[in-house]
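The values are calculated or read from the model by the stated rules, or taken from the named source; none is laboratory data. Since the model is a prediction, treat every value here as computed from it, not as a measurement. When we count neighbours, we look across all protein chains shown, and the Cβ atoms used for this are built from the backbone with ideal geometry, even at glycine.
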Amino acid sequence: MQIEKFYYDNKIVKAFGLATIVFGIVGMLAGLWAAIQIYYPASSLNLAPTTFGRLRPLHTNAIIFAFVGNASFAGIYYSLQRLCKARMYSDKLSWMHFWGWQAIIVAAAITLLMGKTTGKEYAELEWPIDIAITIVWVIFGINMLGTIIKRREKHLYVAIWFYIATWVTVAMLHIVNSIEIPVSFLKSYSWYAGVQDALVQWWYGHNAVAFFLTTPVLGLMYYFLPKAANRPVYSYRLSIIHFWALIFIYIWAGPHHLLYTALPDWAQSLGVVFSVMLIAPSWGGMLNGLFTLRGAWDKVKEDPVLKFMVVAITCYGMATFEGPLLSLKNVNAISHFSDWTIAHVHIGGLGWNGFLAFSILYYMIPKMWGTDLYSKKLATNHFWLGTIGIILYAVPLYWAGFEQSLMWKSFTPEGQLKFQFMETVNSIKPMYITRSIGGGLYLVGALMMVYNLYKTMAKGSFVANEAAEAAPLVKEAHAKKEYWHRVIERRPVTLLVLSLIVVAIGGLIEFVPTFLVKSNVPTIASVKPYTPLELQGRDIYVREGCYTCHSQMIRPFRDEVSRYGEYSKAGEFVYDHPFQWGSKRTGPDLAREGNKYPDSWHYNHMYDPRSMSPGSIMPQYTWLLDNALDTASTPAKIRAMRTIGVPYPEGYDLQANKDLMQQANSIAANLKKDKIETPPNVEIVALIAYLQRLGTDIKAEPEKNVTTTITTNK
């Protein structure tokens with residue numbers, strides 16, 4: 001048989017690898033800055049773009065899509081060519097993918113710091129960028145599938161299965177969650193509202209973690225771990241079970257982010273059941289990885305690549321045990337809205353994703369530069385700094401999470417809440433300080449890696465086109481009887497379609513009843529659309545990222561009802577595009593904030609939070625007092641809301657600003673009574689209008705009716 005000579009494209013791998021390094025450092029710096037702001041609010045510099053509410057989405061997007069995304073692409077482009085024994089399908093498509101993705105990252109950074117956000121966690125980017133992501137993702141998919149189809153290797157190794165499932169599922173998640181109605185070039189409203197928006201968002205949010213941060217990284221593990229250890233994967237059969245079970249079960253688990261909320265109970269229960277089931281395939285994958293190293297532990301002691309991989313896989317196992325644990329209702333009642341969740345996320349982010357990314361960089365770069373790693377000792381020091389950093393990051397936050405929950409739920413013998421919310425905030429500041437020290441150590445380790453890799457490149461010579469040879473793939477005339485998975489492996493398009501069917505089942509079963517059965521989201525007659533001024537104020541609230549610190553969801557617990565008021569109902573949120581339930585209470589819940597304080601309190605609170613709440617860690621929002629309200633956008637916003645079903649009267653967009661100014665003048669007059677002179681057409685007035693509206697559509701039920709539906713804390 002004739003042997004064909006060809007060349008692997010290392011240039012595209014190099015480009016994605018360097019982007020991984022650059023954006024990894026940027027994302028970590030943003031995270032460290034945000035962590036410091038939690039206990040030292042003055043570090044926001046009193047500038048709009050650098051407040052926690054804008055920096056936090058920048059950090060999460062930079063780490064997920066820029067750091068881990070670029071690392072995954074680098075690893076996929078490196079491994080796919082070698083697994084298929086073929087150069088990428090198209091060099092041109094490879095570079096379109098690279099530059100398109102980097103342009104998206106830069107656009108994301110600029111727009112998020114400007115406050116241009118949809119307000120949906122991990123999906124904050126506005127509609128033009130969403131379209132660009134779709135185009136670039138399609139380019140990546142064509143290039144990947146084209147390479148697989150023209151491969152010289154008959155067998156499709158399991159890593160490729162994970163790459164294909166990643167591509168098709170992320171495409172589905174992104175398209176469904178990004179359906180929105182544009183208002184202007186960088187402003188849109190989610191097509192979904194309230195409960196339905198929450199369900200779609202956390203179906204996306206949970207599975208963005210599953211299919212952007214987990215399945216591609218598992219594929220990389222299945223390639224790079226055996227390569228680095230020079231051993232075959234422990235069990236190929238287990239890897240196949242791991243793959244199909246994981247992609248089927250994972251997609252159902254999103255509702256576990258919404259336990260005890262206004263989401264229908266049946267959907268919550270589905271999320272719990274499938275979350276618990278996830279332990280089996282997740283731990284199957286973890287054990288498959290660790291057992292691959294049986295008999296190679298002496299090499300682990302010497303090789304920093306394997307050190308990083310062992311801790312990464314261990315953190316994957318920890319995170320995928322803890323996730324199902326947190327989905328149990330009795331545990332979720334303690335953990336949700338607390339820092340426990342933040343610790344959990346960062347075991348996965350810092351340990352699983354970060355360490356796996358570091359390991360493949362340490363593996364690939366010496367290979368592509370034809371040399372050895374500059375310093376194994378430096379890499380080992382990076383390993384230990386990073387490991388200590390993870391511990392110092394996570395352990396204090398676990399402690400903080402328990403302390404928050406215990407203090408929130410504590411009552412005096414007389415039946416009164418024992419602690420004010422601000423007392424819980426100030427009690428955990430030492431944990432926040434320690435967390436930032438851990439993050440700082442992790443960043444220092446990453447900077448050591450940058451130096452080490454730079455010196456490695458400097459002493460080697462980059463091989464842009466790596467020579468290879470293999471026999472062409474010959475189609476067999478009569479296939480022997482073989483296992484079902486072998487049949488699928490010969491048909492990558494079939495594998496793609498089957499993966500799509502498997503991952504779509506869970507979403508369809510959760511969505512169809514929620515959207516089509518009215519009893520799942522009962523309406524409340526007293527709930528009315530926001531006034532034009534309140535709508536503008538809500539958009540400012542979203543722009544400033546207030547949802548990153550405040551929830552708007554009172555769960556049916558004794559302590560929450562005592563602290564915040566009547567528990568939240570599904571019908572309250574039917575006009576919320578997007579929903580604002582939040583996922584973390586750094587500040588108190590705001591679902592019943594309306595009419596709780598006078599207008600002047602909110603004005604002074606935004607000017608200097610500590611003047612109204614001593615000990616507050618909220619930054620100042622002084623620019624809201626000066627920024628003119630963009631009333632020119634009001635008609636377009638009303639028209640967009642009408643398009644997605646909000647019942648404003650026909651033609652109301654033409655008179656909306658008249659009503660807006662009437663309400664604004666009323667608030668300005670109230671402020672004047674308290675000796676605060678401010679024009680009515682500034683942003684603070686709109687924000688006050690929105691805050692004063694929250695929860696006022698719902699009147700508290702008689703006490704005897706409320707207590708029968710409240711879950712007591714034992």
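Listed residues ARG543, ARG538, ARG558; which is buried (at least 23 other Cβ atoms within 10 Å of the Cβ) and among the charged types (D, E, K, R)?
Result: ARG538 is the single residue among ARG543, ARG538, ARG558 that is buried (at least 23 other Cβ atoms within 10 Å of the Cβ) and among the charged types (D, E, K, R).
Hey, does region 79-92 have a residue that's among the basic types (Lys, Arg) and on the phi > 0 side of the Ramachandran plot?
Looking for residues that are among the basic types (Lys, Arg) and on the phi > 0 side of the Ramachandran plot, one finds at least one in region 79-92, hence yes.
When region 253-281 is examined, which residues are found to be assigned to a helix (DSSP H, G or I), small (Gly, Ala, Ser) and touching a Leu at 6+ places or on another chain (Cβ under 7 Å)?
Result: ALA267, single match.
Quick one: would you say LEU173 is surrounded by 22 or more Cβ atoms within 10 Å (Cβ to Cβ) and either closer than 30 Å to THR523 by Cβ or charged (D, E, K, R) (or both)?
When the stated conditions are applied, LEU173 passes them.
Check whether at least one residue in region 452-459 is in contact with a Ser or Thr (Cβ under 6 Å, 6 or more places away or on another chain), surrounded by fewer than 20 Cβ atoms within 10 Å (Cβ to Cβ) and without any contact (Cβ under 8 Å) to a residue 12 or more places away in the chain, and report yes or no.
No: region 452-459 contains no residue that is in contact with a Ser or Thr (Cβ under 6 Å, 6 or more places away or on another chain), surrounded by fewer than 20 Cβ atoms within 10 Å (Cβ to Cβ) and without any contact (Cβ under 8 Å) to a residue 12 or more places away in the chain.
Output the residues belonging to region 417-438 that are touching a residue at least 12 places away in the same chain (Cβ under 8 Å) and under 21 Å from MET612 (Cα atoms).
LEU417, PHE419, PHE421, MET422, GLU423, THR424, VAL425, ASN426, SER427, ILE428, LYS429
Please count how many residues of region 1-34 are assigned to a strand (DSSP E or B) and farther than 23 Å from MET457 by Cα.
3
Tally the residues that are of a type in the set (D, E, K, R) and touching a residue at least 40 places away in the same chain (Cβ under 8 Å), restricting the search to region 595-623.
Qualifying residue count for the region: 1.
Output yes when any residue across region 132-150 is crowded, with 22+ Cβ neighbours inside 10 Å and touching a His at 6+ places or on another chain (Cβ under 6 Å), and no when none is.
yes
For region 545-564, what are the residues that are of a type outside the set (Phe, Trp, Tyr) and closer than 18 Å to ARG693 by Cα?
CYS546, HIS550, SER551, GLN552, MET553, ILE554 - these are the residues of region 545-564 that are of a type outside the set (Phe, Trp, Tyr) and closer than 18 Å to ARG693 by Cα.
Checking the structure you have, find out if any residue of region 3-21 is in the same structural domain as TYR122 (by TED's automatic domain parsing) and closer than 30 Å to MET606 by Cβ.
Looking through region 3-21, none of the residues is in the same structural domain as TYR122 (by TED's automatic domain parsing) and closer than 30 Å to MET606 by Cβ.
Can you find, within region 201-238, the residue that is farthest from PHE579 (Cα to Cα) among those that are β-branched (Val, Ile, Thr) and assigned to a helix (DSSP H, G or I)?
Looking at residues that are β-branched (Val, Ile, Thr) and assigned to a helix (DSSP H, G or I), I get VAL217.
Quick check, is ARG237 within 20 Å of ILE164 (Cβ to Cβ), in the same structural domain as VAL200 (by TED's automatic domain parsing), surrounded by fewer than 24 Cβ atoms within 10 Å (Cβ to Cβ) and not aromatic (Phe, Trp, Tyr)?
The answer is yes for ARG237.
Regarding LYS377, is this residue in contact with a strand residue (DSSP E or B) (Cβ under 9 Å, 6 or more places away or on another chain), charged (D, E, K, R) and over 27 Å from PHE65 (Cβ atoms)?
The answer is no for LYS377.
Checking the condition closer than 20 Å to ASP576 by Cα and not basic (Lys, Arg), which residue from GLN692, GLN620, GLN663 passes?
GLN692
What about ILE279, is it surrounded by fewer than 24 Cβ atoms within 10 Å (Cβ to Cβ) and either β-branched (Val, Ile, Thr) or assigned by TED's automatic domain parsing to the domain that holds ASP559 (or both)?
yes
May I ask you to verify whether VAL493 is touching a helix residue (DSSP H, G or I) at 6+ places or on another chain (Cβ under 8 Å), modelled with pLDDT of 95 or more, surrounded by fewer than 20 Cβ atoms within 10 Å (Cβ to Cβ) and assigned to a helix (DSSP H, G or I)?
no
Taking only region 136-187 into account, find how many residues are assigned to a loop (DSSP other than H, G, I, E, B) and either closer than 22 Å to TRP203 by Cα or in contact (Cβ under 8 Å) with a residue 60 or more places away in the chain (or both).
Residues in region 136-187 being assigned to a loop (DSSP other than H, G, I, E, B) and either closer than 22 Å to TRP203 by Cα or in contact (Cβ under 8 Å) with a residue 60 or more places away in the chain (or both): 11 in total.
Does at least one position in region 281-298 carry a residue that is within 21 Å of the chain's Cα centre (by Cα) and either farther than 30 Å from SER551 by Cβ or touching a residue at least 12 places away in the same chain (Cβ under 8 Å) (or both)?
Yes, that holds for at least one residue.
Results for (1) at pLDDT 95 or above; (2) within 29 Å of TRP340 (Cα to Cα); (3) of a type in the set (Lys, Arg), shown as yes or no for each residue.
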{"residue": "HIS577", "(1), (2), (3)": "yes, yes, no"}
{"residue": "GLN580", "(1), (2), (3)": "yes, yes, no"}
{"residue": "ALA591", "(1), (2), (3)": "yes, yes, no"}
{"residue": "ASN604", "(1), (2), (3)": "yes, no, no"}
{"residue": "GLY615", "(1), (2), (3)": "no, yes, no"}
